[in-house]
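Trainee: Starting off with a structure, shown below.
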Amino acid sequence: MTTLPLLPDTPAGAVLAYRNARAVGRHEFLADILALAEHLPNTGHVLNLCMDRYWFAVAFFAAVSRQITSLLPNSAAAEHMASVSVGVPGLVCVGDQAAPLLPQLPYLRLGEASVRNTGHAHDTPRIPFDQRVACVFTSGSTGQPQPHYKTFGSLHQSVSAEAGRIWAATGGPCAVLGTVPFRHMYGLESTVLLPLLGGGQMSARTPFFAADVVSALAELPAPRLLVTTPFHLRTLLDANLDIPALAALLSATAPLSSDLATRAESRLGAPVMEIYGATETGQLATRRPTANAEWETFGGITLSQRHGATVAAGGHLEFEQALNDTVELIDASHFRLIDRNANMINVVGKRSSLAFLNHVITSLPGVRDATFCVPRVGENSEVSRLAAFVVAPGLSPADILSALRPHLDPVFLPRPIIALDALPRDGNGKISASAMDALIALHISPAR
């Protein structure tokens with residue numbers, strides 16, 4: 001049976017994480033993991049609801065060491081957490097909160113005043129390559145969140161490929177700060193597993209506001225990697241703060257425009273990388289938008305097209321998987337991304353993508369945030385009209401419509417345009433399908 005070490009074989013004193021500027025060495029991290037593992041019950045699944053990235057990682061690896069699968073809900077909403085726990089026998093919740101978030105489940109608390117390590121040396125457990133270690137859920141931006149299981153071996157392979165690609169751009173392993181949730185596939189791979197399994201150092205913090213991002217970066221030693229989203233990146237640049245030196249930035253969860261990437265590179269003096277993947281497949285490819293519009297898959301990942309779908313195979317993938325995106329395939333390892341299949345729209349016979357329309361409207365001067373939406377779909381899935389929600393203080397809907405006219409075909413101009421104080425984006429900068437439906441129901445009258 002093929003096995004892998006729970007943690008890489010690095011020197012015992014090697015720093016693996018930073019908690020509020022305090023360095024945590026490999027010995028302490030492993031001791032925390034195995035101390036918690038001793039307290040975990042004999043069960044098949046735990047619900048990991050830790051809010052601190054360090055304790056999340058401790059709980060995740062403790063469960064791995066005990067051959068327990070971690071359920072990782074993508075939302076902190078009580079009803080969502082309750083829904084993913086339904087029908088899971090013997091489920092135990094682990095968290096770092098003083099009070100349980102789901103009182104109906106047995107709760108094991110870890111953190112400063114709970115389960116602690118004894119300080120004794122421990123051997124590193126070895127984990128079966130094909131052991132299921134995580135159940136992650138799709139974001140819900142195109143429908144109900146769906147579960148997907150991941151093995152330790154597939155995650156290890158994926159992160160090794162990512163480390164090779166990202167560290168080549170940064171000049172070596174980095175201290176990694178993420179503005180994104182770590183229970184989402186992107187955050188799990190790039191803010192937890194990349195630093196811990198890929199030779200870097202993990203920051204325990206998950207800052208949201210620009211000033212907090214700057215503060216968290218300042219706690220880390222150089223070189224630094226910032227893992228973020230286009231929404232968070234734009235907000236950070238708009239704040240006009242002094243940002244600590246970065247070796248690179250990594251972006252995902254939404255299309256990153258070349259204009260925003262160019263602005264970031266010019267301001268920060270660091271390359272901006274974009275990573276492509278999905279909950280179903282994990283990460284598959286990267287590109288640097290300022291240098292090339294094409295994506296390059298990780299080594300071993302190949303793409304082919306069959307019956308109108310693009311299929312990925314090889315690398316860390318356990319089986320062939322069709323992509324949920326429309327792509328232009330250049331060769332087996334290079335492609336251009338058009339948009340998610342669910343975002344391709346047809347308005348009175350003319351086709352476009354929501355990603356392109358959102359890029360146009362958010363690029364308008366004075367627009368802080370915006371999104372197009374589809375209030376109603378006609379027969380044969382043809383959209384009858386579009387609308388838009390916009391955060392643009394000082395601009396009227398008429399101003400925005402006038403600014404859009406030179407850039408869009410008249411059939412794609414949104415009517416109505418609804419002004420909001422903020423859009424209900426989650427930690428990944430996405431708007432869930434349920435949140436969009438709620439906005440439409442509240443602000444847009446049914447089409448007559």
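Trainee: Consider segment 168-184. How many of its residues are open to solvent by less than 10 Å² (accessible area, probe 1.4 Å) and not in a loop (DSSP other than H, G, I, E, B)?
Mentor: Here the count works out to 4.
Trainee: Surrounded by fewer than 24 Cβ atoms within 10 Å (Cβ to Cβ), among the hydrophobic types (A, V, I, L, M, F, W, C), within 15 Å of the chain's Cα centre (by Cα) and farther than 28 Å from LEU6 by Cα: does that describe PHE209?
Mentor: No.
Trainee: State all residues of segment 102-157 that are part of a loop (DSSP other than H, G, I, E, B), at pLDDT 85 or above, open to solvent by less than 40 Å² (accessible area, probe 1.4 Å) and not aliphatic (A, V, I, L, M); if no residue qualifies, say none.
Mentor: The answer is PRO125, GLN131.
Trainee: List pairs: first in segment 116-134 and more than 30 Å from HIS316 (Cα to Cα), second modelled with pLDDT of 70 or more and open to solvent by less than 40 Å² (accessible area, probe 1.4 Å), Cβ under 6 Å, 6+ apart or cross-chain?
Mentor: ASN117/ALA31; ASN117/ASP32; ASN117/ALA35
Trainee: Also: In segment 15-25, how many residues are open to solvent by less than 40 Å² (accessible area, probe 1.4 Å) and under 13 Å from GLY198 (Cα atoms)?
Mentor: Qualifying residue count for the region: 2.
Trainee: Shifting gears a bit: Is it the case that some residue within segment 166-179 is modelled with pLDDT of 95 or more, among the aliphatic types (A, V, I, L, M) and touching a His at 6+ places or on another chain (Cβ under 9 Å)?
Mentor: Checked segment 166-179: no residue is modelled with pLDDT of 95 or more, among the aliphatic types (A, V, I, L, M) and touching a His at 6+ places or on another chain (Cβ under 9 Å).
Trainee: Just checking, which of ILE400, ILE345, ILE361 is modelled with pLDDT of 90 or more, within 29 Å of the chain's Cα centre (by Cα) and not aromatic (Phe, Trp, Tyr)?
Mentor: That would be ILE361, the only listed residue that is modelled with pLDDT of 90 or more, within 29 Å of the chain's Cα centre (by Cα) and not aromatic (Phe, Trp, Tyr).
Trainee: If the requirement is being loosely packed, with under 14 Cβ neighbours inside 10 Å and closer than 24 Å to PHE129 by Cβ, which of these qualifies: ASN42, ASN48?
Mentor: ASN42
Trainee: Give segment 223-255 a look and list any residue that's within 20 Å of CYS174 (Cα to Cα), open to solvent by 10 Å² or more (accessible area, probe 1.4 Å) and touching a Leu at 6+ places or on another chain (Cβ under 7 Å), or say none.
Mentor: Selection gives ARG224, ILE243, PRO244, LEU246, ALA247.
Trainee: Quick one: in segment 391-448, which of the residues that are polar (S, T, N, Q) and in a helix (DSSP H, G or I) is surrounded by the fewest Cβ atoms within 10 Å (Cβ to Cβ)?
Mentor: Per the stated criteria, the residue is SER402.
Trainee: State whether one or more residues within segment 349-365 are open to solvent by 30 Å² or more (accessible area, probe 1.4 Å) and either in contact with a Gly (Cβ under 6 Å, 6 or more places away or on another chain) or under 30 Å from SER154 (Cβ atoms) (or both).
Mentor: no
Trainee: Of the conditions (1) assigned to a strand (DSSP E or B); (2) in contact with a Ser or Thr (Cβ under 6 Å, 6 or more places away or on another chain); (3) modelled with pLDDT of 90 or more; (4) surrounded by fewer than 19 Cβ atoms within 10 Å (Cβ to Cβ), LEU329 clears all except one; give me its number.
Mentor: (2)
Trainee: Return the residues of segment 52-94 that are part of a loop (DSSP other than H, G, I, E, B), surrounded by fewer than 22 Cβ atoms within 10 Å (Cβ to Cβ) and in contact (Cβ under 8 Å) with a residue 60 or more places away in the chain; say none if nothing qualifies.
Mentor: Within segment 52-94, ASP52, GLN67, SER75 qualify.
Trainee: Under the condition of being among the small types (Gly, Ala, Ser) and within 19 Å of the chain's Cα centre (by Cα), which residue from segment 54-78 is farthest from LEU102 (Cα to Cα)?
Mentor: Only one residue tops the list, namely ALA57.
Trainee: Does GLN97 meet the test of being over 23 Å from LEU16 (Cα atoms), in contact (Cβ under 8 Å) with a residue 40 or more places away in the chain and surrounded by fewer than 17 Cβ atoms within 10 Å (Cβ to Cβ)?
Mentor: Yes.
Trainee: Give me the residue from segment 366-383 that is at pLDDT 80 or above and part of a loop (DSSP other than H, G, I, E, B) and, out of that set, surrounded by the fewest Cβ atoms within 10 Å (Cβ to Cβ).
Mentor: GLY366
Trainee: Scan segment 46-64 and tell me whether some residue there is farther than 30 Å from GLU219 by Cβ and not acidic (Asp, Glu).
Mentor: The answer is no; no qualifying residue exists.
Trainee: Identify the single condition in (1) surrounded by fewer than 21 Cβ atoms within 10 Å (Cβ to Cβ); (2) not in a helix (DSSP H, G or I) that ALA342 does not satisfy, given that it satisfies every other one.
Mentor: Result: ALA342 passes all but (2).
Trainee: When the residues of segment 149-177 are filtered to those that are within 16 Å of the chain's Cα centre (by Cα) and not aliphatic (A, V, I, L, M), which remaining residue is nearest to ARG224 (Cα to Cα)?
Mentor: The residue in question is GLU162.
Trainee: Mind checking which residues of segment 276-326 are over 24 Å from SER257 (Cβ atoms) and of a type in the set (Gly, Ala, Ser)?
Mentor: GLY282, GLY299, GLY300, SER304, GLY308, ALA309, ALA312, ALA313, GLY314, GLY315, ALA322
The values are calculated or read from the model by the stated rules, or taken from the named source; none is laboratory data. Everything quoted here is computed from the prediction, not taken from an experiment. Quick reminder, even Gly has a Cβ in these numbers, built from the backbone with ideal geometry, and neighbours come from all protein chains shown. Note: accessible area is taken over every heavy atom of the protein model, side chains too, but ligands, DNA and RNA are not part of it. Shrake-Rupley method; radii C 1.70, N 1.55, O 1.52, S 1.80 Å.
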